[in-house]
Every structure is written in C-alpha cells, then in structure tokens.
There are 2 protein chains.
Amino acid sequence: MIDHRRLRVALLGAGAVGSQVADLLAKHADELAERAGATLELAGIAVRDLDAPRDVPLPRQLLTTDAETLILGSDIVIELMGGIEPARTHILTALNSGADVVTANKALLATHGTDIFDAADQVGASVYYEAAVAGAIPIIRPLRDSLAGDRVHRIMGIVNGTTNYILDRMDAEGAEMADVLSEAQRLGYAEADPTADVEGYDAAQKAAILASLAFHTTVPLSAVHREGITGVSKGMMDAARHAGYVIKLLAVCERLVGRGDGDEPREAISVRVYPALIRRDHPLASVHGVNNAVFVQAEAAGNLMFYGAGAGGVQTASAVLGDLVSAARRHIAGGAGVGESTRANLPAVDIGQVVTRYQITLELDDRPGVLARVAGILSDGRVSIATLEQTVPDETDVAGSARLVIGTHKALEQDLSETVSRLAADDVVERVVSVLRVEGD
Amino acid sequence: MIDHRRLRVALLGAGAVGSQVADLLAKHADELAERAGATLELAGIAVRDLDAPRDVPLPRQLLTTDAETLILGSDIVIELMGGIEPARTHILTALNSGADVVTANKALLATHGTDIFDAADQVGASVYYEAAVAGAIPIIRPLRDSLAGDRVHRIMGIVNGTTNYILDRMDAEGAEMADVLSEAQRLGYAEADPTADVEGYDAAQKAAILASLAFHTTVPLSAVHREGITGVSKGMMDAARHAGYVIKLLAVCERLVGRGDGDEPREAISVRVYPALIRRDHPLASVHGVNNAVFVQAEAAGNLMFYGAGAGGVQTASAVLGDLVSAARRHIAGGAGVGESTRANLPAVDIGQVVTRYQITLELDDRPGVLARVAGILSDGRVSIATLEQTVPDETDVAGSARLVIGTHKALEQDLSETVSRLAADDVVERVVSVLRVEGD
C-alpha cells in the first residue's frame, strides 16, 4: 500500500514542541509513512544556536542555522519558531516555493493570517495549523471539515491553560490569585512575565483564529474585545461558587442576527475574551487545571465539546504530526489546497452591541428605599432584573452597608455599561463590587 | 474562488437522517458549494415507497424507487438506508462505478467493512462514515487525521444514547430500569424492541469501527466482547453512587503490550462493551441523558474527549454533510482515497486476557472467620484486595447475613472469573450480588 515516494520535511525551531516533533518523526517513521503514503524525511532543523540545550537529543548533522536553504529544498515546512519575524518571512518563502506549511504560530496567524492564506492560495499550497489553537485538541479540522456542511452559531472556549489553572485553583481552594500565580510560575504553568496569559492576549489570538474559521470571515485581532483575569478576586470567586457558578476565562465567538437598514436580516459576529460566570453543571465548568476545551453550538449538530491538553511540547507535537500527515497526503494528491474561506465576510460588532446576561454586585447603604432606587435606575437603563439576592457583607464592605447581587435578563452591553455608571454615581451605592457576564445559559 | 464544477449526489434513504440531509443540502447550497469547491446537485433520492410520510417535505420529482440507475449517474452516493441489504450491494455498485460513498451504516461497516474498504481501494474511491459512530460528534476524522502521527492506547466511549439515558436516569433518580425504559420508549429514546441498544449490540458495532480505525487493524464484530445493561439493578446503581462511582455502558478499545513466545514485546488489542464503574470525577461521568462522548488516550496527545449528540436526524445529518464536503473535495482533487489502514493487523485477545480492576459485592454469613475465608479464596486465585467495605444489608439480603464490597487491584479477567466461581460455590457466601469492572482509573 505504501507509495514509495519520499517527501522532504523542514523543521524550523527546536524548542519544546519542535524537539518533540523531531523525536516522534523518528520514532513513528513507519506508521507516519503508511498514513501519509510517502516516507517523510526530516531534511533538517533550523535553529538559532547549534549548541543550545534541547528537551530531547537531536542528531547534530540535521541542525542548521541556514533556514532559507533548508526551506527551498523541502516539500513541507513545519514552522515552530513562534513570534512574527522571521517566522512570517520563512512561511512566505516556503509557500512561494510551492511547499505546504504546518504551523503552531497563533500570534502570526492572528495578525498576518490573511497574507499567509493569500500566498498559499496564489500557488495552490496549503497551511495547516491544528496546533495553533488548544494544543493537542483537534478543533481546527472539526470546524473546517466535520462542520463544513453545518452552520456554527457560537463557540465558547477555554483556550488558555495558565488562566484556567489559576481560576480553577482559586475556585477549588478559595485561594488568592497572587498565591496561585506564584505557584503556577514555580510549576512552569505560567511565564515569569505572565501578561500574555493573564491579560487574555493569548486567548484573544486563538479566538480570532477560531472565529475566522467558524464564520468564514477574516477576523483581525483588533476586532476581538479582550479582558484579562487580573480583576477576578477571591471574593468574586467565592460569591460565584455560592451562587452555583464558576468563573472561567472564555473566548466567545458568536453569530448575531439583527436587522439592517432596510429591515432585512443582517448577520454580524462578536468575538470577545473575558472572565465570565458559567453554571457549574455546564460541561465547560468541569474543565480543570491546565486543560482546554472548546464548546461549539451548531445549527444541525447541536452542542459539541472538544476537550484535552491545551499545551505541552509532546501534546502539541501530536497535533503537528497529524497536520504533517494531512499535508503529505495533499502534496501527493496535488490539486488546490483547501484554502481559507472568507466568503461570508461578516462585520464584527463592538462589545457595546453584545447582548448577554449579567451579574452585578453592589454595596449599598442599608436603609429603606435603596432597593426601589436601584430597581428604578436599572429599569430606566433598559436592564431587566431576573434575580435579586441580598447577601452577607464581605469583610471589605463598609459597616452599616448591605450587599446586593443582581442577576439581569439579557441586556445590551452598552445599556448595561451606562446603567452601571449611573449606579456607581448614585448616592445609595457605596461601591460597585463586581460586574460579570453570565455565559452558557 | 468557486470552481464551477458540478457534482451529482445520490441520496439513498429518506428517513430521519436522509430527509434532514436533503433539507440541509438545499438550505445551505451556497455554503456547501463554497466549501466543496463545486456545486452539489442532489440528483435524486432513492426510497422504497414514493408516498411514505417524511420528517420534512421533499421535492416529489427527486424521489425514485430505482436506486441503481440513480447510483450509476452519480459522483457521490450517500447511503442512509441502514441494514445490510440492499445497502451493501448499492455501496459496492457505487464504488465500482467510481463514485465516492458517504454512509452512516454502522451495522454494515462492522460486519462487511473489509469488503467495502477493499472495493474502494481497488478503484481509488473513498468511503466516509463520520455519522456511523457517535452521530454529530467528529470522532472518525480526529482519529484518522488529527491523530495520524500519534499512537492511540485506549478509547473509552459512551456510544449508545439509549443506554446512557437509562443509566443516567437510574443514577439521578434512584429509579428502576423497567420504569426508565418505559419512559425512554414513550419519549422516542428507545425502540419498542430495545434489544439492540440494551444488550449492547449497537455499541459493539461502534466499538469495532473505532478499534479498527484507532489500531489500524480489522476488528470483526465477533472479536468484540459484549455485555448489555439488563443486569444493572437499582441496588447496584445506588451502591455505586455511595462509593463515588457511576455505572456507564462503556465501549473500551485497548492496546495491550505483552510478551510473545521468544520474550519479544508483542502487541494485541482488546475490544469490549460492558457496564462498568467509573469515578464520578472522570469526564465521562458527566455525560448525561442521550449524549455520547468518546475519551481517547494517546501517547503524545494525552487525554482527549469528544462530546455531543450521539443520535438524532438533524445532528447526524450534520456529520453526513461534513463527509459530503470532504468527498467532494477529494473527488475534485482526484488521486487515491485515504484508504483504511490495516497495516498493524494486531490480534484481538479474548476477554479472559483482559486486565482491569473489579468491584465484587458479596452477601456472606455473618459469623467469625468468613472474612479470612473470603480473603484466602481471593489470594489463592491471584486476585489482590485493594479496598474492603462491609456495608448495610440490602432489602434483598437474607436476614443474619452481612454484605461485603471488595475492590480489587488489577487482575486478569480469567483469574477473577474463576475466583468468583469459587466464591459462589463456597459455604460462607450466601450470594454473589454483583461483579463490575472498574474503568478509567
């Protein structure tokens, strides 16, 4: 059954993922050849420093600092350097030479995806990037192929392992964020500079990629509304637990159907990353530790969830090798690549246009009439109350004050946001303790 | 971007899934054409009875009772008739005429898969069957493509919605199986004759398909050990809950590494369907109602889970359309089909060779020395005790008797089975209440 073809594979980068890819390529050579329909020959590994320490030992004679020569002699190029340059230039060189590309570079795809997919289209090559979102979890292929005949309405993803680890530990142990973050850094789950993770930049890149694919629309990173988890306190976490919720950093990609000028139905999308409340019986609530999961709601398929390791060298390498096999098959079959579809070209709306439910926690003067006053402000702001609970004051509350937790019906973010400003400015409100979106109901 | 090609699609069967496929094909024609790279023209729908009532209205002029003529004039044939004949003949006719085939027919694939895949290989056509296992959940494509560069060690699947509904309700409500089954039948979740589901035949077919794909080995249905759920009582369910477990009907596909005659490592597989205990914090434990989920353990990717609707007309239609798009792309690209890999050709072991943990519940004479006697029998039988709990007698227990729940370490099924026979025959044992395997630890 094996076609005695031989494809030359270039590997760019030998870090945590790259070194595992080289290792697995050697270890599973026979199985890969059989699945790919060709022998996959690792032609070389481009690195910056020939003598740098590696996670797994690599054959010295494969290492080179001359990426360009390596690329130009290869059929398939695997880019695992990360960052924008020189990754971008190398990928374009590969595509222009007719090579197919496998990459795990989410930052590059989220910012220069259009250039790269256009270059691939020009020459009929393909770009595979299963490893760029949610590590080992197959999500790109299901969205692109399995759901190709369906219509995705909504994606909610836990796509950043570091923040999920932090929030999960805070939830399970009632711990403070600072303590959990230190431990995550010690365990290698968080970087020394955790900004990209805790401020949601990493999740926003993945959200842009998922939304582009799901909605057949180019979604620039600038269209993704982004909030990190640094504002999530132990008190908010405890209150969420008490109310049957858990706080997760969610990447939400949503298809909105509204009315255009001429009253014709008009579609748009919203892509946003923020900490949100989800009910504890939602499948996403049971995603613990550094795991990732992507929950997809499609018109025909209904609710689907894809769960697994979102990061890790060897886990991500599994996704890279799956892509390598797909690339090899296509390279042999010939014909045009799958291509990225941006046919729908839906506009992305501003966060103000998003409609969702909210939970508002207020610290109020504890005197008669305040509830009526708060209810009046909400009603004036077109925010309708679904649930209302007066809870025990927190140790941070002012003595003589009451704490009120308001669950709203669905409201327009813009209305909500103006209403919260009015609440904050009102005499009876001591403090707006927190405002959280509620997702997944 | 759209290639102005036109592919003729034949639909065989217009039942719950078929009528939804026809509907979605018409509704999403533009999106499908864009994704497929060709216009997908529904050439006709082969039915047994032109006048039978349909779930959704179908254009009368597309209906035909002449399946063969329809097939011979088509590029892609979608088989949704179910059953062995005439489905098998139609699929072979289609493949021999060079058409690609999409099917949801698990019974046919589990029994005649080899013939069908061989026929496809002969002519370089492909067979797509995402809808045959776990309905809308993308599991075939992830196993075949995403994990193509990895090595699957184990699959545990909840692949039958009817039995999961029954066990879930028994667990949640402490209900008796007979009551839950009646309600499932009333709701349309169970057939009037529920044998195929409750006896595990349906799950066994899916297990054979999953194992074939995961282990690159032809797995005949006869190699699948099968036990249904009819022996699961309310008492067993309650005891499981008390011990922190839940009982699920699991399809387990496992790669075993043993020693051959010459002491060289020798691989084999085990494929089995039975009700088993899994810990309540396992991701599979939170799969409720008629949902399905497939938990995959792979060497590099680690633990993955795929969750969603396991059945339903429109849900399954989503998977069929995803396959249709893949088939169309391949039809246009040309070249050989992906083909089924049976390279590994691993032998399937008998259930007696399986190693797992067990929970044995016994009703014993309540007198001194019985515990030592039971421990002696287990130890003689090479079954090692991990936990031991004397619990309150059940209303079915004989007065003056004690109830003992034994959790074992990993043991060989053959040893366990002989040991249980010896226990049952011993004077101190009034009754073997239940023996359940424990999976997922």
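Just so you know, all these numbers are worked out from the coordinates, no wet-lab data involved. Just so you know, these numbers come straight off a predicted model, no measurement behind them. A quick note on method: Cβ atoms are made from the backbone with ideal geometry, for glycine too, and the neighbour counts reach across all protein chains shown.
At a glance:
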quantity	calculated
Residues of type lysines that A:K206 reaches as a straight line, Cα spacing below 21 Å, ignoring anything fewer than 8 places off in the same chain	A:K106, A:K248
Ratio of Rg to Rh over the stretch B:297-378 (Cα coordinates, Kirkwood Rh, two decimals)	1.27
7 Å along Cα→Cβ, label-point gaps from B:A424 to other copies, nm, shortest first	7.1
At most 15 other Cβ within 10 Å, DSSP loop - GluC sites (Glu not before Pro), the stretch A:374-419	A:E395
Inter-copy separations for B:P347, label at 7 Å along Cα-Cβ, nm, ascending	6.8
Axial C-alpha extent at least 20 Å, average Kyte-Doolittle at least 0.5 - helices from chain B (DSSP)	B:201-215, B:313-333
Exposure proxy ranking, count of Cβ atoms within 10 Å, fewest first, for B:H153, B:H282	B:H153, B:H282
As computed over the stretch B:351-438, the Cα convex hull volume per residue (Å³)	84
Computed lengthening from A:Q122 to A:D66, 0.36 nm per intervening residue step minus Cα-Cα distance	17.6 nm
Gain on full stretching of the segment that runs from B:V398 to B:A333 - 0.36 nm per residue minus C-alpha separation	16.3 nm
CD proxy at 222 nm, helix term only [per DSSP H run n ≥ 4: -39500 (n - 2.57); per residue of chain B; nearest 500]	-10500 deg cm²/dmol
Along each principal axis, Cα extent of the stretch B:141-311, largest first, Å	53, 33, 31
Viscosity 1.567 mPa s, 4 °C: Kirkwood-radius Stokes-Einstein D of the protein assembly as shown over Cα pairs, µm²/s	44
Paramagnetic reach from B:Q390 in the stretch B:340-371 [backbone N under 15 Å; point 7 Å along Cα→Cβ]	B:362-371
Length-normalised contact order for chain B - Cα pairs under 8 Å, 6+ apart - percent	16
All-pairs alpha carbon distance profile, the stretch A:1-149, 10 Å steps from 0, percent	11, 40, 39, 10, 1
Protection-proxy order for peptides A:367-378, A:77-88, each taking the mean of Cβ atoms within 10 Å per residue, highest first	A:77-88, A:367-378
Label-point separation in nm, B:R382 to A:Q353, each point 7 Å along Cα→Cβ	6.9
Selection from A:A311, B:L321, A:G200, by position along the positive dipole direction of the protein assembly as shown (Cβ)	B:L321
Other copies of A:L187: label-to-label distances in nm, shortest first, labels 7 Å along the beta-carbon direction	3.7
